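Here's the structure, in structure tokens; my notes come after.
The values are calculated or read from the model by the stated rules, or taken from the named source; none is laboratory data. In this text, all values refer to a predicted model and were calculated from it rather than measured experimentally. Every residue, glycine as well, gets a Cβ built from its backbone with ideal geometry; the counts of neighbours run over all protein chains shown. Please note that ligands, DNA and RNA were not included when accessible areas were found on the heavy atoms of the full protein model with its side chains. Shrake-Rupley method; radii C 1.70, N 1.55, O 1.52, S 1.80 Å.
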Amino acid sequence: MAAKVVDIAGLSLTFETKDGPVYALSNVDLTIRRGEFVSFIGPSGCGKTTLLRVIADLEKSTGGSIAVNGLSPEEARLQRAYGYVFQAPALYPWRNIERNVTLPLEIMGMPKAERQARAKKYLELVNLGGFERKFPWQLSGGMQQRASIARALSFEPDLLLMDEPFGALDEIVRDHLNEQLLRLWDKTEKTVVFVTHSIPEAVFLSSKIVVMSPRPGRIIDVIETDFPRGRGLDIRETPEFLKIAHRVREGLRAGHAYED
Amino acid sequence: MAAKVVDIAGLSLTFETKDGPVYALSNVDLTIRRGEFVSFIGPSGCGKTTLLRVIADLEKSTGGSIAVNGLSPEEARLQRAYGYVFQAPALYPWRNIERNVTLPLEIMGMPKAERQARAKKYLELVNLGGFERKFPWQLSGGMQQRASIARALSFEPDLLLMDEPFGALDEIVRDHLNEQLLRLWDKTEKTVVFVTHSIPEAVFLSSKIVVMSPRPGRIIDVIETDFPRGRGLDIRETPEFLKIAHRVREGLRAGHAYED
Amino acid sequence: AQAADKVTLQLKWVTQAQFAGYYVAKEKGFYEEAGLDVTINPGGPDIAPPQVIAGGGADVIVDWMPSALASREKGVPLVNIAQPYKRSGMMLTCRKETGITSPADFPGKTLGVWFFGNEYPFLSWMSKLGIPTTGGPKGVTVLKQGFNVDPLLQKQADCISTMTYNEYWQVIEAGVKPEDLVVFKYEEQGVATLEDGLYVLEAKLADPKFVETMAKFVKASMKGWDYARAHPDEAVKIVLDNDATGAQTEGHQKTMMEEVNKLTEGSTGVLDPADYERTVKTIMTGGSDPVITKAPVGAWTHAVTDKM
Amino acid sequence: MSGLRHALLFLGIAGLGAIAMLDAHTGGEAGAGYALSLLALSLLGWRGLALLANARLGDARRQRLADLAVPVLFGLWIVFLWQAVTVGFGVPQVLLPPPSMILARILGSADILLADFRQTFLQAVLAGYVLGCGSGFIVALIADRVPFLQRGLLPLGNLASALPIVGVAPIMVMWFGFDWPSKAAVVVIMTFFPMLVNTVAGLAAAGRQERELLGTYAASWGQSLLALRLPAAMPFIFNALKINSTLALIGAIVAEFFGTPIVGMGFRISTEVGRMNLDMVWAEIVLAAVAGSLFYGLVALAERRVTFWHPSLRQR
Amino acid sequence: MAAAKPKPIARLFAGHAGPVAVLGLALVALWYAGAVWLNADLQIDAFARAGTDWNFTDLVAGTWAQERPLLPAPHQVLAELWRTTVETGIASKRSLVFHGWVTLSSTLLGFAAGALLGILLAVGIVHVRVLEKSLMPWIIASQTIPILAVAPMVIVVLGAIGLKGLVPKSVISTYLCFFPVAIGMVKGLRAPDLLQLDLMRTYSASARQTFFYLRWPTSLPFLFAGLKVAISISLVGAIIAELPTGAQAGLGARLLAGSYYGQTIQIWSALVAAALMAALLVALMGAIERQVARLMGARS
Ligand SMILES: Nc1ncnc2c1ncn2[C@@H]1O[C@H](COP(=O)(O)OP(=O)(O)OP(=O)(O)O)[C@@H](O)[C@H]1O
Ligand SMILES: Nc1ncnc2c1ncn2[C@@H]1O[C@H](COP(=O)(O)OP(=O)(O)OP(=O)(O)O)[C@@H](O)[C@H]1O
Ligand SMILES: Cc1ncc(C[n+]2csc(CCO)c2C)c(N)n1
Ligand SMILES: [Mg+2]
Ligand SMILES: [Mg+2]
């Protein structure tokens, strides 16, 4: 069996706020192995972002244990084990798009020519070729989001943590990027942890779907899929696909509070 | 025929940037009548946001004509003709959620008790009851987006301009809010102009779908639908629905540059 | 009784025994007896009394004559109405180790000078000696001396300006022995100019009432000076009481009082025209850049002292 | 463009009125009528300026010209009022000389002004400014780098915030001698604190998510400083640079009151006040104002270049 | 973060007290060393004049006990401070508390007026085009006018219209300290995100509402940075202004008198008093800033 990339046991996280504690994560167990494509899906506010942030060492758990590549999240972060796409684009306004994308490469000390080649490659992958010299505020919301995806891809990390990367994109671009991402994952044996709200997207992309539920945030279902690695968008019509989608939807519905 | 709420003819808008002009909108013609529910759909960067901003007098067109409620956009804005939901939540970090929602009400001079009642009503509508005292950074991305929707609904404008309001929401919440919005529209004869990336959402909600295409941003198709006003989510399985969805998808695809 | 006449006096410098006569006259009630209500405003490093009087901030000021005459030429018509200081207390104090024994040794040396209108006597002296003040081996390098004697103690200057009643003693108090110093008194160098005199605006003298008030004021002030000479210890105490900064020390003020009394000794307040002429002559020999360009007319009057 | 026409009309009338008033030498005995006409002309001029300031000219070059004209005309107006009041009401020149006299002095004593400028501005101000801003900046960085120092250094840095010039200048003369280094030292002390405070505030200004992004790259302190925190701090840092550009000048000039060689703007001012040469004093003040404004303008220009992305420079 | 209880010493150093104490001690040590360094020459001279033999210990002891040192030793300053604060009645003219209060009162008055003026100017500049264009360059020019040169004229003029005492001094403080506030506020009032401004536009909020609901809250970090600088400059202004008002009372008068009579210990004790006062005022602003941030829901 492949090595464990993320190993979480009994994890919990409570935010202390002025008006009482918020139980963002409660008793979460999860193992992610090398080469898996894992999606987190769940109602808004159920702790998906928080869980991803704990893995990335952006948030400290208040209970339980977590290891990333066998190390503590902090050590893993210091080893630049992962690339992270935030829910908001978080581009730096004083850098143009190209220089935003090359930012991690600069920090990791890549020579300039190579950096620019990388930026070009990934900006084209997300259909932003020609926008290198624009500043973030000159881009549409979806374009900004794509720039931030290119930024995370550019340094080709083994572990990709992506928080709703395709939320602001239209169906066509989304399908295109889904395919690109899948191809990348396929070719390079990357591990991807992916937050999404789209059930079809989750089912199409993932080898493992983690369904979460809020208050307190916890995992209520883990679904393994076994579509072929080289799958195309057409599998979305297969009964197998629809069955899994249905199971995810049921899980989601269960996690929701309202009865209507 | 109902009165024209938005009347656009030959509209164009060019952004001057350091490396040449960006043709964000080119020769756009569009009429929106009272009580219509109009969706803009199109590839990322095609000018949906820009068009909405022109209607809202947040951007000045560089050519053509536009009238809102028979007035110039500026006059209409000064009359507080519309409520706007931005693509990003744009909550004020120093106000808690309730006070973010009551902000427009305060500005419009509503008494405090009534403001709070309104906030309660709309926060509950978007499933944020109980989060009144939290500050924006204590909310998840989707929750922030919902707060900003509650803020726009709170002062019950006749014209609602919404820029991808449900982008960051999961399917269940989204369906729920779709229904709520439809019900509101139904009951109150509001006019809604709505930007979305989701084809089913556009078809389900709209009485008119405007399909746009980029570089330069223009309208390539306008589809009128005639589902009953009191429709439910179930119409999404009807052939009529699927036919329209197909037409939208074709339009979208045509607007996209890539051939794969 | 008639309401007391208000008089505001602007001093040239901070409260110290240099101005003891006025403070004594106030505290001992001499002004009050004369039917005057006198306000004494201390000066400071950037208070120019002629400016204050021109701006209406004072009725009468204490100033040195070169400065007063220069102001007169610049359009502030000051008139000397009385001269409590008979002699000049200015001197140049040098460290002996610099090798200076006479003015002939000045070239090539660095001298500290007070500016702000107090530089005129020095400039006259140098021009009389024919020494340029622009530096170089043939001239002297002039520093604008601050308020204290540090430049001499720290050997930043070879000589500094001192008053017989003040800075000289500060040097001594700092531990330098008199025999380590060489002093040049302006009196002895023949370049003495009149110091602390009382000046008013010319236009006001047209008013006989004002002249009368001033006469009472000068008379009471001179009584104060006489008293200070007779009771130096009490005068020092009065000065200390009036020092709002609380910084003056009794020892230093005692010394100052003694020295100041030597300068006011023998003065009735009446200006000696001969002293005036001598001062004018001194400051008009200013070489290329004289302090005043033409002999002033009407710069002094006995009208006030005649009424005393 | 009728706004522009109206503006020019108003300004024209005001200008002609002004010239007429300067012609009518009242010789210091002006009365209420004179004051009233000054007031009326001022209101007219202000209206014209307001129109000019709001005029939107299509042509970018003409717009820039109009933008420049407003402060210049405003300044000319102040100068006119000054001249009219000092001459008209016979203000003694030892209190406030009229501009005409100051101008004559500037032209007549250019060599002295130049020497003073060299001494005070080119040496004391520039050296002190660079060292003061530099040290404030570096201390802020050190405090930021070492949390221990942050907690200890900042409170002690506050101690340096108001070391009063009056007390410090004589001490600096004692330590660094009479020439410009002691003035530069005073400037260093004056400019240090504004830079410290603003840099500390600026370094705290970067957004949380922007910081976290660098955290995910395991960027070192130096890297995140260069890539994020300094750029985000720039608006604050430029505030300090602007405030200091004027503070430095004041500091150097004031410091010269406490002992100098006999050259320098502060020396000249204090000496000439004592000599009642107020025209020379104002000539130096004008020199200081012009030099200071240019200095400030240069800093503001650099700010525009460096923080072009900041919303404050993108508004309107 | 790890919640393990730190050891007492570690806890001390995690707060402000420990680091301040350590660095303060370092400063004092440096100061003692500086005193020896700077005063040695004069001390050697003194020994030579007195004709005494001396060794290094004598030298050090001597440099720390001079009556008019170039740099007084900390304990000398402390003793002077003690003498002039605790041992002297606060109503006495020799009390540093008395002088400190004189200076503080005009500092605070000047600061309040300056902060208000700075804010008002910034508001005007941000809202009225003609003000921005005509006023801004002249505000800048005004700040380059050497204050000590015009202060006497200001005092004379204000005195002529009957304003004496506290007010003229505060005017000088105001003049100096409004500038950092104005500069910071102009930037701060323009700092809101374009999106946040757009939101206000959609409500067709008046300029006043946009100001109170958006611009003001956004400008607070800039405002506080400005206020901290302003309050310390205000103190400097109050001290400077004490000279042309006849240097009658206040820390500035103390400094001047001390300087005039070469009493370095007195200068330094006034300096230390002024610096402490400034540090306290700045710290107070900092505390207010933190409190305001807390009320505004800032993330700790
Ligand atoms: N810093 C914080 N302080 C307090 N509560 C917080 C904080 N961050 C998140 N929360 C709370 O934790 C819960 C989980 O938030 P999280 O952002 O992980 O949700 P999510 O699943 O990503 O939702 P979404 O799909 O809307 O982005 C929410 O209830 C949120 O209010
Ligand atoms: N301020 C600006 N300056 C220059 N170009 C701009 C500016 N704002 C938008 N644009 C450009 O205008 C085009 C349309 O942008 P717009 O935001 O309207 O797209 P959109 O349809 O809303 O896209 P998305 O779905 O990604 O939000 C884009 O190409 C964008 O780069
Ligand atoms: C700035 C300035 N510097 C020096 C003096 C010189 N001065 C003139 S009278 C006097 C008092 C005598 O001890 C002194 C020191 C001054 N007036 N102003
Ligand atoms: Mg989230
Ligand atoms: Mg958009």
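Carbon-plus-sulfur fraction of the accessible area of region C:248-308, 1.4 Å probe, in percent? List each step's numbers first, then the result.
Working: 1610 of 3010 Å².
Answer for region C:248-308 is 54 percent, counting heavy atoms of protein chains only.
Place the label 7 angstrom along Cα→C-beta at B:K18 and in each other copy, then list the distances from the first to the rest in nm, shortest first.
The projected label point of B:K18 is separated from its counterparts by 4.2 nm.
Could you order C:D59, C:D180, B:D226 so the one with the most accessible surface comes first? Probe is 1.4 Å.
Putting C:D59, C:D180, B:D226 in descending order of accessible area: B:D226, C:D180, C:D59.
What's the average, rounded to a whole number, of partner chain beta-carbon atoms within 10 Å of each residue's beta-carbon in D:230-237? Intermediate values should be presented prior to the final figure.
Working: counts 1, 4, 3, 0, 1, 6, 7, 0.
Going residue by residue through D:230-237 and averaging, the value is 3.
If I compute solvent accessible area with a 1.4 Å probe over the protein chains, what percent of it on region E:106-249 is carbon and sulfur?
Working: 2930 of 3980 Å².
Carbon and sulfur together cover 74 percent of it.
Using a 1.4 angstrom probe on heavy atoms only, work out the carbon and sulfur share of the accessible area of region D:2-90 in %.
On the way: 3650 of 5180 Å².
On region D:2-90, the fraction of accessible area on carbon and sulfur atoms equals 71 percent.
Which cysteines in the protein assembly as shown lack any other cysteine whose Cβ sits under 4.7 Å from their own Cβ?
So far as the 4.7 Å Cβ criterion goes, A:C46, B:C46, D:C133, E:C177 stand without a partner in the protein assembly as shown.
Given R₀ = 60 Å, FRET efficiency for A:K112-D:I13 by Cβ-Cβ distance, to 0.05? Numbers along the way, then the final one.
On the way: r = 62 Å, r/R0 = 1.03.
Once rounded, the FRET efficiency stands at 0.45.
Can you give me the solvent accessible area of E:Y213 with a 1.4 Å probe, rounded to the nearest 10 Å²?
Its accessible surface works out to 40 Å², give or take rounding.
Under a crude label model (7 Å from the Cα following the beta-carbon direction), how far is A:E179 from B:L242 in nanometres?
2.2
To the nearest 100 Å², how much accessible surface do chains B and A cover up together, summed over both, with a 1.4 Å probe?
Numbers: alone 12480 and 12450 Å², together 21800 Å².
Buried area between the two chains comes out at roughly 3100 Å².
Taking the 0 to 90 degree range and rounding to the nearest ten, how far is the long axis of helix D:60-88 tilted relative to the main principal axis of chain D, both from C-alpha atoms?
60
At 7 angstrom along the Cα-to-beta-carbon line, where would the label on B:R247 sit relative to the other copies? Give the distances in nm, shortest first.
Output for B:R247: 3.9 nm, nearest copy listed first.
State, in square angstrom and to the nearest 100, the accessible area buried between chains C and E, both chains counted, probe radius 1.4 Å.
Values: alone 13260 and 17940 Å², together 28480 Å².
Buried area between the two chains comes out at roughly 2700 Å².
Using a 1.4 Å probe, what is the accessible area per residue for chain A, in Å²?
Here the per-residue accessible area is 38 Å².
How much accessible area is lost when chains D and A come together, counting both sides, with a 1.4 Å probe, in Å² rounded to the nearest 100? Write out the running numbers ahead of the final one.
Values: alone 17610 and 12450 Å², together 28040 Å².
Answer for the D-A pair: about 2000 Å² buried.
Which whole-number percent gives the relative contact order of region E:77-225, counting Cα pairs below 8 Å spaced six or more residues apart? If you can, show how the numbers build up before the last one.
Numbers: 134 pairs, mean separation 41.2, N = 149.
Result for region E:77-225 is 28 percent.
Given H placed on each backbone N at 1.01 Å, which residues far from D:L163 in sequence or on other chains put an amide H within less than 5 Å of it?
The answer is none.
Going by Cα centres, region E:126-174 and region A:54-70 are how many Å apart?
Cα centroid of region E:126-174 versus Cα centroid of region A:54-70: 59 Å apart.
From the protein chains alone at 1.4 Å, what is the descending order of accessible area for D:H310, C:H231, B:H246, largest first? Intermediate values should be presented prior to the final figure.
Working: D:H310 15, C:H231 80, B:H246 105 Å².
Of D:H310, C:H231, B:H246, the descending order of accessible area is B:H246, C:H231, D:H310.
If you rotate chain B onto chain A, whose Cβ in B ends up lying nearest the axis, and how many Å away is it?
Per the B/A rotation axis, the closest residue of B reads B:G167, 3.
How do A:42-54, E:227-239, E:192-204 rank on mean C-beta neighbours within 10 Å, highest first? Don't skip to the answer; put the middle values down first.
Numbers: A:42-54: 26.2, E:227-239: 30.6, E:192-204: 19.3.
Most protected by this proxy first, the peptides run E:227-239, A:42-54, E:192-204.
Which residues of region C:158-175 show a drop of at least 50 Å² in accessible area when all protein chains are present, compared with their chain alone (probe radius 1.4 Å, heavy atoms only, ligands and nucleic acids excluded)?
For region C:158-175, once contacts with the other chains are taken into account, C:Q170 lose 50 Å² or more.
Per residue, what accessible area does chain D have, given a 1.4 Å probe and all protein chains present, in Å²? Before the final figure, lay out the partial values.
Numbers: 12450 Å² over 316 residues.
Roughly 39 Å² per residue, with all protein chains present.
Using the alpha-carbon centroid of each, what span in Å lies between region D:221-242 and region D:66-109?
Region D:221-242 and region D:66-109 have Cα centres separated by 41 Å.
Could you sort out which of C:K26/C:K307; C:K204/C:K281; A:K48/A:K120; B:K134/E:K187 sit more than 24 Å apart by Cα distance in this structure? Numbers along the way, then the final one.
Values: C:K26/C:K307 21 Å; C:K204/C:K281 27 Å; A:K48/A:K120 31 Å; B:K134/E:K187 29 Å.
Correct reply: C:K204/C:K281; A:K48/A:K120; B:K134/E:K187.
Sequence-distant or interchain residues sharing an amide H contact under 5 Å with E:Y203, placed H: which?
none
Could you work out the helix-only [θ] at 222 nm for chain E, with each DSSP H run of four or more residues adding -39,500 (n - 2.57) and the total divided by the number of residues, to the nearest 500 deg cm²/dmol?
Details: 13 runs with 228 residues, N = 300.
Mean residue ellipticity, 222 nm, calculated: -25500 deg cm²/dmol.
Could you work out the relative contact order of chain E, using alpha carbon pairs under 8 angstrom and six or more residues apart, expressed as a whole percent?
On the way: 343 pairs, mean separation 61.9, N = 300.
Relative contact order, chain E: 21 percent.
Average partner chain C-beta neighbours within 10 Å, per residue of E:123-136? Mind showing how you got there, number by number?
Working: counts 0, 0, 0, 2, 0, 3, 8, 11, 4, 4, 14, 14, 3, 4.
That average works out to 5.
What's the ranking of D:252-263, D:224-235 by average number of surrounding C-beta atoms within 10 Å, highest first?
Most protected by this proxy first, the peptides run D:252-263, D:224-235.
Scan around B:F227 for amide H atoms under 5 Å from its own, H built in the peptide plane at 1.01 Å from N, and keep only partners 5 or more places away or cross-chain.
none
With the solvent-accessible surface defined on protein heavy atoms using a 1.4 Å probe, which residues belonging to region E:179-202 display a reduction of at least 30 Å² in accessible area in the multichain context relative to the isolated chain?
E:F179, E:I183, E:K187, E:R190, E:L194, E:L195, E:Q196, E:D198, E:L199, E:R201, E:T202
Would you rank C:K138, E:K187 by solvent-accessible area, highest first, keeping every protein chain in place and using a 1.4 Å probe?
Reading off the accessible areas and sorting them downward yields C:K138, E:K187.
Give a residue-ordered list of calculated ³J(HN,Hα) values for region B:207-217 (Karplus: 6.51 cos²θ - 1.76 cosθ + 1.60, θ = phi - 60°; whole Hz; x for Gly, Pro).
Whole-Hz 3J(HN,Hα) from phi for region B:207-217: 9, 8, 10, 10, 9, 10, 9, x, 6, x, x.
Under a point spin-label approximation (7 Å from Cα along Cα-to-Cβ), what is the A:Q79-A:T31 distance to one decimal in nm?
Using points 7 Å along Cα→Cβ, the separation is 1.9 nm.
What angle do you read, to the nearest 10 degrees and between 0 and 90, between the alpha-carbon axis of helix A:141-154 and the longest principal axis of chain A?
80
Per residue of region B:48-55, in order, report the coupling 6.51 cos²θ - 1.76 cosθ + 1.60 (Karplus, θ = phi - 60°) as ³J(HN,Hα) in whole Hz, putting x for Gly and Pro.
Each residue's phi maps through the Karplus curve to give 5, 4, 4, 4, 4, 5, 5, 4 Hz.
Testing the spin-label approximation: label points 7 Å from Cα along Cα→Cβ at D:R145 and D:R211. State their distance in nm.
1.9
Could you order peptides A:147-157, A:69-79, C:45-55 by the average number of other Cβ atoms within 10 Å of their residues, highest first? Present the calculation step by step, with values, prior to reporting the outcome.
Details: A:147-157: 23.3, A:69-79: 16.2, C:45-55: 25.6.
With the highest mean Cβ count within 10 Å placed first, the list reads C:45-55, A:147-157, A:69-79.
In deg cm²/dmol and to the nearest 500, what is the mean residue ellipticity at 222 nm of chain C if only DSSP H runs of at least 4 residues count, each as -39500 (n - 2.57), divided by the residue total?
Numbers: 13 runs with 117 residues, N = 308.
The helix-only estimate for chain C comes to -10500 deg cm²/dmol at 222 nm.
Treating the beta-carbon of each Lys and Arg as +1 and of each Asp and Glu as -1, no other charges, what is the dipole magnitude of region D:77-219 about its Cα centre, to the nearest 20 debye?
Values: 7 positive and 6 negative charges, 36 e Å.
The dipole magnitude comes to about 180 debye.
Below 8 Å, C-alpha to C-alpha, sequence gap of six or more: please give me the relative contact order for chain D in percent.
Numbers: 363 pairs, mean separation 58.5, N = 316.
RCO, chain D: 19 percent.
Taking θ = phi - 60°, what integer Hz values does the Karplus form 6.51 cos²θ - 1.76 cosθ + 1.60 yield along region A:172-184, in sequence order, with x for Gly and Pro?
5, 4, 4, 4, 4, 5, 4, 5, 4, 5, 5, 5, 4
List the DSSP H helices in chain E whose Cα atoms stretch 24 Å or more along the helix axis and whose mean Kyte-Doolittle hydropathy is at least 0.0. Walk me through the numbers before you get to the answer.
On the way: long enough: E:17-50 (46 Å, 1.19); E:96-127 (45 Å, 1.77); E:166-189 (32 Å, 1.40); E:216-241 (34 Å, 1.63); E:264-295 (46 Å, 1.46).
Within chain E the helices that satisfy the rule are E:17-50, E:96-127, E:166-189, E:216-241, E:264-295.
If you count, for every residue in B:177-189, the Cβ atoms of partner chains within 10 Å of its Cβ, what is the mean? If you can, show how the numbers build up before the last one.
On the way: counts 0, 0, 1, 1, 0, 0, 0, 0, 0, 0, 0, 0, 0.
Rounded to a whole number, the mean comes out at 0.
Give the angle, between 0 and 90 degrees and rounded to the nearest 10, that separates the Cα long axis of helix D:99-108 from the longest principal axis of the Cα atoms of chain D.
70
Between B:A88, D:L313, A:G232, whose Cα lies farthest towards the positive end of the dipole of the protein assembly as shown when Lys and Arg beta carbons carry +1 and Asp and Glu beta carbons carry -1, centred on the Cα centre?
Comparing the listed Cα positions along the dipole, A:G232 ranks first.
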